[in-house]
Structure formats: structure tokens, C-alpha cells
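Values quoted throughout were computed directly from the atomic coordinates according to the rules given, and no laboratory measurement underlies them. As the structure is a computational prediction, the values presented were derived from the model and not from experiment. Glycine also receives a Cβ, built like all others from the backbone with ideal geometry; neighbour counts cover every protein chain displayed.
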Amino acid sequence: MQNKALWYHQFGQPKTVLQLESSLIPQITDSELLVKMHMAPINPSDLIPITGAYSHRITLPLIAGYEGIGTVIKANNPTLIGKRVLPLRTSGTWQNYVICDANWVIEVPGFIRDELACRGYINPLAAYVMLNQCDLKDKKIIITAAGSSCANIIAQWAYQLGAKRVVGIYRSAKHISKLTSLGVIPIAISDYHCITHYALDSHYVFDAVGGDLATLLLQSLSRNAKFLSYGLLSGKMYQIKPDNILPTRFHLRDYLADVTKVQWQDDFKQIWQWLNITQLADIQHFQLTDWRNALDYFDIVGRQTKPVLVMENE
């Protein structure tokens, strides 16, 4: 069978260095599965490595994409054939067929539809692991990059865990109505007075922006607050003054380095239950061959839907 995949052989801007290439699918080993992909979303975490941000620990060439859903079509264990799965921790998912390690594949329950399951890894797992580090009962929290998929999940799950108040700092006013519908108090990133006001009595901050916003929050929080930094969308580090609280930096790869196979499966059992009652953005479908337009759409500030690549399988 022929496979089509989005490869990058050098680092740079994704639209410049990605190439759609065809090749034959190699034979799988006894410990591997061959998964026919259905769809895969586009996330910041898919694009950042392509730019070379992690070039010190990435060896090229690589296929892009970290998550997505497909169906097992070849396996040493015949009971797995026909199962819908997330082929995780393997070669990139932006391709028609993925060969993956059977030990790390996640089976998708029947009550989870494809459009939800294809987004069931990067953002939900990051949110789940971070929230498990916190005691949110009756607590007040702040989320930055509030219009992002991960922030939306954190907000909803924080309320599930008993949070008293969630404030969301947004960049585009297009996110206000969605945040309000989730019970989140929307605050513009330029409204320094409101940000400082809410930070004074907040217990937790989940920050994906860094830079000046994170610096302001660190200066405004009480000494008993906790600040979790899980991204730098601003492209700048925050500044820490001597009397500021110290942030905790969260990287999903640290969790992945230590997680056991049993814990891995158990985490997703809980994630599926929560994700099934979580409001996620609608999907905008793009064929794999239309990946350039998909990336253009991803870059639109304030977009309300998630671009997802749909695979063209024979």
C-alpha cells in the first residue's frame, strides 16, 4: 500500500519546510500495529518542533503531528483489528497510515466520537496532569490564553473539581461569548487593572503565555498562590523579582518520561469520562492534500473552530 505523509527534512516555518511525500508502507513487527488514520488536529505543539525550537533533542527527518484517531488494520493480536485507537508516542500522525507500538496505543470507547477522540491526547492529558497537582476545591484560578483549546479544558475541569471562580485572560474579543458560556470571567490581556485585581486573591494561575503578562501576574499574586507555566506563546520568558512567588514549569514530556504503561491506560480511562462532557470548539475539516490552507486557517487570530486534517485513504 502507498502512504502519504507530511515530512520535514529541515527546521523552519511549517508552510515552507513541510512536504507531502508518498512511500510504501513497511512491514510491522509482532509488537506493532498498523493504523489507518481518520483525522488529526493541528495544535501549537505540532508546529513548534518544526520551527526548530527543540532541535537539540529532535533528529530529522520526521513526520509531523502528535495526535489523531484511526482504525487498526493489521496486528499480531487479531482482537485489535477494527478497533478505533489513538496511535500515540510513535511516528507522526499527519499521514494516511501510522505504525505504532501496541503497548502505548489507546483504545477509544464507543461513546466517544471521532471528532472528539482525535483531540483526546495533547491538551486533555496536559490539563489532566496539571490539575491533578492542585487542590481546587473552593479555589479561585486564572487561566491565560483563555481562547485556546487547553485553557478551555482547564476551565471546565477546574469547575468539575470544585473551583469557586475561573478568570480567563484573552487576546481576541471573539472569545468573550464562549468564555462566558463556560462560566469564565473574561478579561482582556490589555486590562492590567482588572488582571491585578483578580490576581490579588487568586490561588492558582495556569499560564501558557509568559512574557509581560506572566511577569505582571507573578508580581500581583499572594505568597500562598501557585503559578503553573506550561507555555510561552508570547515567545518571551517572564521576569521574577525577589519578592515574587516562584513559578512551577510544566512540560508534558516530563510526565511521559516516567509514566508506566498501567498509569498511562488508567489516565485515559478518566480523561474519556471527563472529555465526553466537555465543550470543545467545532472542527473545520481540511484534506491532507490541502494542508497549506489548513495552516493558514490555524494562524487566524480569534478563530472559533479547530482545523483538522482528514486523511484520504484508499
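Regarding segment 134-253, what's the average projected area of the Cα-atom convex hull, expressed in nm²?
Working: hull surface 27.7 nm².
The number I arrive at for segment 134-253 is 6.9 nm².
Charge dipole (Cα centre; +1 on Lys/Arg Cβ, -1 on Asp/Glu Cβ; no other charges) of segment 25-127 amounts to roughly 60 debye.
Once the Cα gyration tensor of segment 180-314 is found, what semi-axes does its equivalent ellipsoid get, as square roots of 5 times the eigenvalues, in whole Å, sorted largest first?
Working: eigenvalues 209, 96, 53 Å².
They are 32, 22, 16 Å, listed from largest to smallest.
What whole-number value in cubic angstrom gives the convex hull volume per residue for the C-alpha atoms of the chain?
On the way: hull volume 41.8 nm³, N = 314.
Output value, Cα hull per residue: 133 Å³.
To the nearest ten degrees, helix 149-160 and the longest principal axis of the Cα atoms of the chain are 60 degrees apart.
Distance from the C-alpha centroid of segment 134-177 to that of segment 54-92: 31 Å, rounded to the whole angstrom.
Dipole size in debye (nearest 20) for segment 134-253 around its Cα centre, Lys and Arg Cβ +1, Asp and Glu Cβ -1? Don't skip to the end; give the middle numbers.
Details: 14 positive and 7 negative charges, 43 e Å.
I would put it at about 200 debye.
Taking N as the residue count of segment 64-118, its C-alpha radius of gyration divided by 2.2 N^0.38 Å amounts to 1.04. Dipole orientation for the chain: of the candidates PHE268, PRO247, ALA40, PRO247 has the Cα lying most toward the positive pole (charges on Cβ; Lys, Arg +1; Asp, Glu -1).
Reducing segment 189-239 and segment 286-313 to their Cα centroids gives an inter-centroid distance of 31 Å. Counting only DSSP beta bridges whose two residues both lie in the chain, roughly 55 percent are antiparallel.
Taking a quarter of the surface of the Cα convex hull of segment 6-113, what do you get in nm²?
Numbers: hull surface 28.7 nm².
Answer in nm², one decimal: 7.2.
Relative to the first principal axis of the alpha-carbon coordinates of the chain, what is the inclination of helix 261-275, with its axis defined by its Cα atoms, in degrees from 0 to 90 and to the nearest 10? Compared with the principal axis, the helix lies near 70 degrees.
Between the listed residues ALA281, GLY183, SER220, the Cα displaced farthest toward the positive end of the dipole of the chain, a dipole computed from Cβ unit charges relative to the Cα centre, is found at SER220. Taking a threshold of 26 Å on the Cα-Cα distance, which of the pairs LYS15/LYS83; LYS164/LYS226; LYS140/LYS178; LYS137/LYS261; LYS4/LYS174; LYS4/LYS74 fall above it? Checking Cα-Cα distances, LYS15/LYS83; LYS137/LYS261; LYS4/LYS174 exceed 26 Å. Over segment 82-158, the reciprocal of the mean inverse Cα-Cα separation, the Kirkwood hydrodynamic radius, stands at 14.5 Å.
Each Lys and Arg Cβ is given +1 and each Asp and Glu Cβ -1; about its Cα centre, segment 179-314 then shows a dipole of about 400 debye.
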